[in-house]
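The values are calculated or read from the model by the stated rules, or taken from the named source; none is laboratory data. Just so you know, these numbers come straight off a predicted model, no measurement behind them. Here the Cβ positions follow ideal geometry from the backbone for every residue, glycine too, while neighbour counts run over all protein chains shown. Ligands, DNA and RNA are excluded from the accessible area calculation, which covers all protein heavy atoms including side chains. Shrake-Rupley method; radii C 1.70, N 1.55, O 1.52, S 1.80 Å.
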Amino acid sequence: SHVFIALATLILGISVGLAALSEYGFLALLRETSTQLQRYSEWLLGKDLLERVIENPEVLTMVRRERAILFMDVRGFTAWSERCDPETVVQALNGYYQAAEPVVRRHDAIKLKFSADEILAVFADARQAAACALELRSCTREALAPWGLGAGIGVHSGPVVEGLLGSAGIKGYDVIGDTVNTAKRIEGAAGGGEVLVSQAMRAALDATSAFGGRRELVVKGKEAPLEVYPLL
């Protein structure tokens, strides 16, 4: 009987130990999975937006809002990339993204999106967008200089519809509307190292902002020319 009790105690101890080890392993796996999901969610939504969504899921509902939209695009990127191997293109893009991201985060962008050599940033305030544009011009100039490239920036403000957009299986947080299209048209007219802003942006900025001379842009999809100004 003593031998039986001793063996039973030993087996019970081993079983408890294995159960504890299994539970510890499961918790470690759960933590690792949670960390990965958080990281992927931040990549898709952005850290700031993800925090807002956790606090209030209604943030993702499609709704009309006033926003400032910033586009930045590398000039001559397609022609340049055709002359380079893919590894060089990736190296240049990563340097460009790494220079831009902390600047956009620092100016409290609602949304940040990378698409090839194009960067989209959405702001709640025109002054944030303008300050970000000027800092982006400086930091990306340094990041792109080794490759002989430069980026143009366009900024416009106005109404958009923003929120979760897509099908039942695939959705993404995006901004839609003529304000977005107009910002893209303005960016397309900006030279390398230049920031162009719309008349709406100019009117929203304070007296401390400096502008170059007025220009008129004739762009596709617009009956009247767009009035833009270089932001100095």
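Would you call Ala124 at pLDDT below 95 and either under 15 Å from the mean Cα position of the chain (by Cα) or among the aliphatic types (A, V, I, L, M) (or both)? Before the answer, list the steps.
Values: at pLDDT below 95: yes; either under 15 Å from the mean Cα position of the chain (by Cα) or among the aliphatic types (A, V, I, L, M) (or both): yes.
Yes; evaluated as a whole, the condition is true for this residue.
Answer yes or no: is there a residue in the stretch 145-152 that is of a type outside the set (Phe, Trp, Tyr) and either under 15 Å from the mean Cα position of the chain (by Cα) or over 30 Å from Cys84 (Cβ atoms) (or both).
Within the stretch 145-152 (the criterion being of a type outside the set (Phe, Trp, Tyr) and either under 15 Å from the mean Cα position of the chain (by Cα) or over 30 Å from Cys84 (Cβ atoms) (or both)), the answer is no, since none of the residues qualifies.
Could you tell me which residue of the stretch 58-81 is nearest to Ala143 (Cα to Cα), considering only residues that are loosely packed, with under 13 Cβ neighbours inside 10 Å and either within 14 Å of the chain's Cα centre (by Cα) or among the charged types (D, E, K, R) (or both)?
The extreme case among them is Arg64.
Quick one: Ile170 ticks every box in (1) among the β-branched types (Val, Ile, Thr); (2) modelled with pLDDT under 95; (3) in contact with a strand residue (DSSP E or B) (Cβ under 8 Å, 6 or more places away or on another chain) except a single one, so which number is it?
(3)
Got a number for residues in the stretch 82-102 being more than 13 Å from Phe114 (Cβ to Cβ), assigned to a helix (DSSP H, G or I) and open to solvent by 30 Å² or more (accessible area, probe 1.4 Å)?
Matching residues across the stretch 82-102 total 6.
Contact list please: Cβ distance under 9 Å, first residue in the stretch 201-223 and of a type in the set (Asp, Glu), second residue surrounded by 16 or more Cβ atoms within 10 Å (Cβ to Cβ), pairs at least six apart or on different chains.
Every condition considered, the pairs that remain are Asp206/Arg127; Glu216/Leu226; Glu216/Val228.
What is the residue count in the stretch 127-176 for residues that are in a helix (DSSP H, G or I), of a type in the set (A, V, I, L, M, F, W, C) and surrounded by 13 or more Cβ atoms within 10 Å (Cβ to Cβ)? Please lay out each step first, then the result.
Our first condition is that a residue be in a helix (DSSP H, G or I); within the stretch 127-176, this holds for 127-147.
Right, trim to of a type in the set (A, V, I, L, M, F, W, C) and you get 129-134, 136, 139, 143-145, 147.
Still in the list and also surrounded by 13 or more Cβ atoms within 10 Å (Cβ to Cβ): 129-134, 136, 139, 143-144, 147.
Total meeting the criteria: 11.
Going through the stretch 177-189 one residue at a time, which ones are of a type in the set (Asp, Glu) and open to solvent by less than 60 Å² (accessible area, probe 1.4 Å)?
Scanning the stretch 177-189 gives a single hit, Glu187.
Yes or no: the stretch 103-126 includes at least one residue that is touching a His at 6+ places or on another chain (Cβ under 7 Å), under 21 Å from Lys184 (Cβ atoms), touching a residue at least 12 places away in the same chain (Cβ under 8 Å) and surrounded by fewer than 21 Cβ atoms within 10 Å (Cβ to Cβ).
Checked against the condition, which is being touching a His at 6+ places or on another chain (Cβ under 7 Å), under 21 Å from Lys184 (Cβ atoms), touching a residue at least 12 places away in the same chain (Cβ under 8 Å) and surrounded by fewer than 21 Cβ atoms within 10 Å (Cβ to Cβ), the stretch 103-126 yields no hits at all.
Among the residues of the stretch 207-220, write down those that are touching a helix residue (DSSP H, G or I) at 6+ places or on another chain (Cβ under 7 Å) and either open to solvent by 30 Å² or more (accessible area, probe 1.4 Å) or over 16 Å from Thr182 (Cα atoms) (or both). Explain how you work it out, then say what you get.
Just the residues of the stretch 207-220 that are touching a helix residue (DSSP H, G or I) at 6+ places or on another chain (Cβ under 7 Å), to begin with: 209, 211, 217, 219.
Those that are touching a helix residue (DSSP H, G or I) at 6+ places or on another chain (Cβ under 7 Å) and either open to solvent by 30 Å² or more (accessible area, probe 1.4 Å) or over 16 Å from Thr182 (Cα atoms) (or both): Ser209, Phe211.
Going by what's in this entry, would Gly192 be described as open to solvent by 20 Å² or more (accessible area, probe 1.4 Å), not acidic (Asp, Glu) and not in a helix (DSSP H, G or I)?
yes
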